[in-house]
Amino acid sequence: MRLLKKSFMTSQKNNVGRIIDANLNRVKEGLRVCEEITRFILDHHKFTAAFKQIRHKIDSLGNRVYPPVKLLSQRRAQADVGRFNSSGELKRGNCKDIFWANLQRVKESLRVLEEFSKLIDIKAALGFKQLRYKVYEIEKKSFKKISSLSDSRSAGF
């Protein structure tokens with residue numbers, strides 16, 4: 001019985017590592033997309049710098065929770081049951097849609113990182129929470145700028 005419990009605990013810890021790994025990747029990818037839009041389409045230095053700063057802070061917090069080598073050893077991308085689940089991700093009409101979809105992805109991933117980091121490092125969990133609120137502020141500030149893009153400019157052609 002004790003061996004079974006230990007095996008379950010090891011499996012649970014590995015799965016938490018997989019969750020953290022997937023969400024670290026997802027949040028950084030989403031931030032990079034938002035950063036590229038604010039840099040190359042909006043030409044907005046402050047938003048670009050803010051997204052980049054958050055991305056770097058996520059790296060620091062992620063290293064605190066799980067060393068990258070340990071996360072890589074737990075990654076099983078080929079066996080991920082959610083790998084082909086992309087129904088809503090294929091519909092984007094313009095750069096505004098891309099920006100907002102990625103901003104939602106960032107907020108959701110930060111929340112997941114906050115919750116699962118509580119199992120490992122409370123300070124990191126609080127750091128992820130603080131970053132989530134920074135993203136809320138950037139979202140509010142960028143809304144007017146992104147919304148004012150003309151359709152031709154936001155189409156990305």
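The values are calculated or read from the model by the stated rules, or taken from the named source; none is laboratory data. As the structure is a prediction and not an experimental result, all values here were calculated from the model. Positions of Cβ are backbone-derived with ideal geometry, glycine not excepted, and every protein chain shown enters the neighbour counts. For the accessible areas, the whole protein counts, side chains as well, though only heavy atoms, and no ligand, DNA or RNA atoms are used. Shrake-Rupley method; radii C 1.70, N 1.55, O 1.52, S 1.80 Å.
Here is how the numbers come out for the structure above:
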quantity: Options VAL135, VAL112; residue that is open to solvent by less than 30 Å² (accessible area, probe 1.4 Å) and at pLDDT 95 or above; calculated: VAL135
quantity: Top-ranked residue in region 119-132 [being open to solvent by less than 80 Å² (accessible area, probe 1.4 Å) and in contact (Cβ under 8 Å) with a residue 24 or more places away in the chain; ranked as farthest from ASN63 (Cα to Cα)]; calculated: ARG132
quantity: Per-region count, region 20-79, residues touching a helix residue (DSSP H, G or I) at 6+ places or on another chain (Cβ under 7 Å) and open to solvent by less than 70 Å² (accessible area, probe 1.4 Å); calculated: 29
